[in-house]
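These notes concern the structure reproduced below.
The values are calculated or read from the model by the stated rules, or taken from the named source; none is laboratory data. Here the structure is a predicted model, which means the values were calculated and not measured. Cβ placement follows ideal geometry from the backbone for every residue including glycine, while neighbour counts extend to all protein chains displayed. These accessible areas exclude ligands, DNA and RNA; they are computed on the full protein's heavy atoms, side chains included. Shrake-Rupley method; radii C 1.70, N 1.55, O 1.52, S 1.80 Å.
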Amino acid sequence: MALELAMACAIVGALVLYLLFGGADFGGAVWDLLASGPHRRDQRALVEKAIGPIWEANHVWLVLAVVVFFTAFPSAFATVSIALHVPLVLLLLGIVFRGAAFAFRSFDPGLRHGPWGVTFSVASLLAPLLLGVVVGAVASGRLREGDVFSSWTAPFPLTVGALTVALCAFLAAVYLTHEATVDDQPALADDFRRRALLAGAASAVLGLLALGLARAGAPRIFHTLTRILFVLGPLVLILAAGTTWALWRRRFRWARLFAAGDVSLIVLGWAAAQYPYLIVDSLTLDQAAAPPRTLQLLLIALIAGVPVLVPSLYLLFRIFKPAHTVPMG
């Protein structure tokens, strides 16, 4: 089980990083769509500045998770990609349309609030929603062959999707408070501070709703989570309280750290609740694993690749965003 567990940890780690960085980009586009008030134009300008010019680099974590998934657990990948091909295709289309729209509107300021601007924001809203729906459907234990819609259109997966959107919006708003402070725009920092507090409250409500729906919609996850919450629950509450305190006192650098830790624990709690299943009530890690030799070679590739990938991304951020130690983009 050591190799299988290492591969599963690699997938979870990549998803955590994708949510912390790429998810914040999705959330920034949500605030672009919902920009309002006297600083509406400045809010959108700050979002665009924060996301570009290196925003596509964050998809490397999603690519890493997918590559490890289909290489290390091919049978599980086949099951998920067939049973959930509709939301997965829509997810990919959302990512593609988001990227194209952002590129087109960047070349012409007149397009920022027209069709390309709306396409960018709506696609950015749908992508994390569908990603969360896929995670919720896998956790529900109700993936069935030939079942194209009911496994992911149930209340539990849809609520997990909404929770994912709320977490992305929460991260983006917290990060943008710091972006605005670095750019010496205190009015914008206050705008996103209020949005961060609202998104945090919405995330808490949706998290409790998802937990309640899990009792019937994902019973195995529910019973495991109720045990895990005795350990992770206090930590999540402490970090959530720390984020609220930091936002209230305008300690935006601390708010970013607390928010990132809080969201990371939520994802790790889901992964721990699903263990040892890769697809709940269907395939465990050892049942879905590729041959040991394949896992060994994949582990070697990861060990060799991560020391190249991480410094490269860090250098990219340092060159293009030297003032932002926790980047959006």
If you check A255 against the conditions, is it open to solvent by less than 20 Å² (accessible area, probe 1.4 Å), without any contact (Cβ under 8 Å) to a residue 60 or more places away in the chain and either over 30 Å from D183 (Cβ atoms) or touching a helix residue (DSSP H, G or I) at 6+ places or on another chain (Cβ under 8 Å) (or both)? no
Tabulated pairs, segment 36-47, first within 11 Å of R195 (Cβ to Cβ), second open to solvent by less than 80 Å² (accessible area, probe 1.4 Å) and not in a helix (DSSP H, G or I), C-beta under 7 angstrom, 6+ apart or interchain: Q43/A35
Within segment 81-89, is even one residue exposed (fewer than 15 other Cβ atoms within 10 Å of the Cβ) and over 20 Å from the mean Cα position of the chain (by Cα)? yes
Would you mind finding the one in L125, L111, L129 that is modelled with pLDDT of 95 or more and either open to solvent by 40 Å² or more (accessible area, probe 1.4 Å) or closer than 30 Å to R41 by Cα (or both)? L129
Filtering segment 150-164 down to residues that are in a helix (DSSP H, G or I) and either open to solvent by less than 20 Å² (accessible area, probe 1.4 Å) or under 19 Å from V236 (Cβ atoms) (or both) yields F156, P157, T159, V160, G161, A162, L163, T164
Only one of (1) surrounded by fewer than 24 Cβ atoms within 10 Å (Cβ to Cβ); (2) more than 28 Å from A272 (Cβ to Cβ) does not apply to D147, and that is (2)
Could you check R250 against (1) part of a loop (DSSP other than H, G, I, E, B); (2) open to solvent by 70 Å² or more (accessible area, probe 1.4 Å); (3) in contact with a helix residue (DSSP H, G or I) (Cβ under 6 Å, 6 or more places away or on another chain) and say which number it fails? (3)
Unmet criterion (only one of (1) under 17 Å from the mean Cα position of the chain (by Cα); (2) open to solvent by 40 Å² or more (accessible area, probe 1.4 Å)) for S106: (1)
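Over 25 Å from F73 (Cα atoms) and crowded, with 19+ Cβ neighbours inside 10 Å - does that describe any residue in segment 318-325?
Checked segment 318-325: at least one residue is over 25 Å from F73 (Cα atoms) and crowded, with 19+ Cβ neighbours inside 10 Å.
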Among the residues of segment 258-267, are any farther than 20 Å from T164 by Cβ and either free of Cβ contacts under 8 Å to residues at least 60 places away in the same chain or not aromatic (F, W, Y) (or both)? no
The lone exception for A65 - which of (1) open to solvent by 30 Å² or more (accessible area, probe 1.4 Å); (2) modelled with pLDDT of 95 or more; (3) among the small types (G, A, S) it fails: (1)
